[in-house]
Amino acid sequence: MSTKDQILKKIEILITNHFESPKNAFDFFDEDGDKKLSKSEIKNLLQEAEISGFIRGIVASKLIEGYDLDGDQLISWSEFKTAIDEIAL
């Protein structure tokens, strides 16, 4: 299992164990209510998913790089859903 797969698995476990739906998880981590996840909000999600602090910033950057389709350096609900669909909850 690749590191990416391990990280996605930890995110899947967090969402399925602590939230009714991926949308509830998105809304929970959208701390400022702007309907987008910033890098710091993604890092909070990764912390809750027990991703090591050492790589949390790198992973947050890579998630934005890989899923930020509109180039605003934020993850919208539709972009988050695309990432979640890869996990296949």
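The values are calculated or read from the model by the stated rules, or taken from the named source; none is laboratory data. Please read all numbers here as calculations on a predicted model, not as lab measurements. Cβ sites come from the backbone with ideal geometry, for glycine too, and all protein chains shown count toward neighbours. We work out accessible area using only protein heavy atoms, side chains counted, and drop any ligands, DNA or RNA first. Shrake-Rupley method; radii C 1.70, N 1.55, O 1.52, S 1.80 Å.
General observations
- Computed in the context of the full set of protein chains, the accessible area of the chain at 1.4 Å probe radius has 52% of its extent on carbon or sulfur.
- Pairwise label distance in nanometres, D70 with I87, each label 7 Å out on the Cα-Cβ vector: 2.2
- Farthest positive-ward along the chain dipole, Cα basis, beta-carbon charges - from I75, Q47, H18: Q47
- Estimated distance in nm for a label pair at S21 and S52, the labels positioned 7 Å out from Cα along Cα-to-Cβ: 3.6
- Shown here: Rg and Dmax of the Cα atoms in Å, derived from the displayed model; of the candidates [x] 11.7, 35; [y] 13.4, 40; [z] 14.0, 47, it corresponds to [x].
- Rolling a 1.4 Å probe over the protein heavy atoms gives the chain an accessible area of 60 Å² per residue.
- Separation of the K10 and S78 label points, Cα + 7 Å toward Cβ, nm: 3.0
- Around the Cα centre of the chain, unit charges on the Cβ atoms of Lys, Arg, Asp and Glu (plus for the first two, minus for the last two) sum to a dipole of about 320 debye.
- The count of lysine pairs in region 3-67 with alpha-carbon distances below 19 Å, taking only pairs 8 or more places apart or on different chains, stands at 18.
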